[in-house]
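This report refers to the structure that appears directly beneath it.
The values are calculated or read from the model by the stated rules, or taken from the named source; none is laboratory data. If you're wondering where the values come from, they're calculated on a predicted model, not measured in any experiment. Cβ atoms come from the backbone with ideal geometry, glycine included; neighbour counts cover every protein chain shown.
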Amino acid sequence: MLVSAKEMLNKAREGHYAVGQFNINNLEWTKAILLTAQENNSPVILGVSEGAGKYMCGFKTVVGMVKGMIEELKITVPVALHLDHGSFEGAKACINAGFSSVMFDGSHYPIEENIAKTTALVNTCDVLGISLEAEVGSIGGEEDGVVGMGECADPAECKAVADLGVTMLAAGIGNIHGVYPENWAGLSFETLEAIKAQVGDMPLVLHGGTGIPAEMIKKAISLGVAKINVNTECQLAFRDATRAYIEAGKDQKGKGFDPRKLLAPGFEAIKATVKEKMELFGSINKA
């Protein structure tokens, strides 16, 4: 069954490790991540962007697929199905579809509107036992066509949103989505420390986990980060493995490629990437 991310993140914060959110885009990605979590006894969060949800035929289809896999694969570790960078309407749609966790990204609104819209979701999520992630300070890079420059959040605004009763808070500390440029200044731990001082025990979320050096990841976890998002690294691993298979010309004697065999190398590449991240985040054997 699907669970809220609340308990797993509180345990992660108390145990000084982080739970990985790995975005899913199709059946192979979902299966690879679930099996890796089970094999490593790690809690896991499956992230779904609104674009990926649309691609996979809608949020209800995603819920049905994930629940079916959990049952058929005999997955026993905690699994949260989470809307990633959701709009206000998208969050409501995912709640109705059966997601166990949602993110409302109001970071691009004025803080007053971000607070108002987040407040409207807090009570609904509390009643239904759904975890809710909010965001302050835009995350850099591109996510479903939305481009941000990688702001550092205002700690006072972070406190205002955390005090609404959200489950977790994503706060911009110079992190970006996608591949980090060579001139990236790194994470602002001064900002993270200031945010932590304002929000107390609120589990913090680090978006853009691909490419952040291991020592920065570990320091962020020590300062209250309990959830780390990874997407681009899985995309790159899947691309490279699939490309290598095609370039090797392993078709069926001129009949084309068997889709199951074509996607198998990418499936294994995602499993390896997810395990590597779980080891770095310290979530293995924490389920």
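If you check 14, 50, 89, which single one turns out to be among the acidic types (Asp, Glu), without any contact (Cβ under 8 Å) to a residue 40 or more places away in the chain and closer than 20 Å to residue 118 by Cβ?
Working: 14 fails: closer than 20 Å to residue 118 by Cβ; 50 fails: without any contact (Cβ under 8 Å) to a residue 40 or more places away in the chain.
None of the other options fit; the residue is 89.
What's the number of the condition residue 55 fails, among (1) closer than 24 Å to residue 166 by Cα; (2) modelled with pLDDT of 95 or more?
Looking at each condition in turn, residue 55 falls short on (1).
Among 32, 37, which is in contact with a helix residue (DSSP H, G or I) (Cβ under 6 Å, 6 or more places away or on another chain) and in a helix (DSSP H, G or I)? Steps first, please.
Numbers: 37 fails: in contact with a helix residue (DSSP H, G or I) (Cβ under 6 Å, 6 or more places away or on another chain).
Answer to the selection: 32.
All but one of (1) polar (S, T, N, Q); (2) more than 18 Å from residue 225 (Cα to Cα); (3) at pLDDT 95 or above hold for residue 167, so report the exception by its number.
Here residue 167 meets the rest and fails (2).
Of the residues that sit in segment 241-287 and are farther than 18 Å from residue 29 by Cβ and touching a strand residue (DSSP E or B) at 6+ places or on another chain (Cβ under 7 Å), which one is surrounded by the most Cβ atoms within 10 Å (Cβ to Cβ)?
Only one residue tops the list, namely 283.
Which one is farthest from residue 199 (Cα to Cα) among residues in segment 161-189 that are part of a strand (DSSP E or B) and not small (Gly, Ala, Ser)? Give the derivation first.
Quick first cut of segment 161-189, residues part of a strand (DSSP E or B) only: 168-171, 173, 176.
Next cut, not small (Gly, Ala, Ser) only: 168-169, 173, 176.
Working: 168: 10, 169: 9, 173: 15, 176: 22 Å.
Taking the candidates together, the pick is 176.
With within 19 Å of the chain's Cα centre (by Cα) and touching a residue at least 40 places away in the same chain (Cβ under 8 Å) as the only criterion, which of 203, 213 stands out? Full working, then the answer.
Working: 213 fails: touching a residue at least 40 places away in the same chain (Cβ under 8 Å).
Exactly one of 203, 213 is within 19 Å of the chain's Cα centre (by Cα) and touching a residue at least 40 places away in the same chain (Cβ under 8 Å), namely 203.
Please indicate, with yes or no, whether at least one residue in segment 197-210 is at pLDDT 95 or above, more than 26 Å from residue 279 (Cβ to Cβ) and of a type in the set (Gly, Ala, Ser).
Taking every residue of segment 197-210 in turn, at least one turns out to be at pLDDT 95 or above, more than 26 Å from residue 279 (Cβ to Cβ) and of a type in the set (Gly, Ala, Ser).
Any chance segment 120-139 includes a residue that's surrounded by 20 or more Cβ atoms within 10 Å (Cβ to Cβ), modelled with pLDDT under 95 and hydrophobic (A, V, I, L, M, F, W, C)?
Yes, segment 120-139 contains a residue that is surrounded by 20 or more Cβ atoms within 10 Å (Cβ to Cβ), modelled with pLDDT under 95 and hydrophobic (A, V, I, L, M, F, W, C).
Residues of segment 98-117 being of a type in the set (D, E, K, R), surrounded by fewer than 23 Cβ atoms within 10 Å (Cβ to Cβ) and either assigned to a loop (DSSP other than H, G, I, E, B) or touching a residue at least 24 places away in the same chain (Cβ under 8 Å) (or both), which ones?
117
Only one of (1) among the hydroxyl-bearing types (Ser, Thr, Tyr); (2) crowded, with 18+ Cβ neighbours inside 10 Å; (3) closer than 25 Å to residue 41 by Cα is not met by residue 222, so which one is it?
Failed condition: (2).
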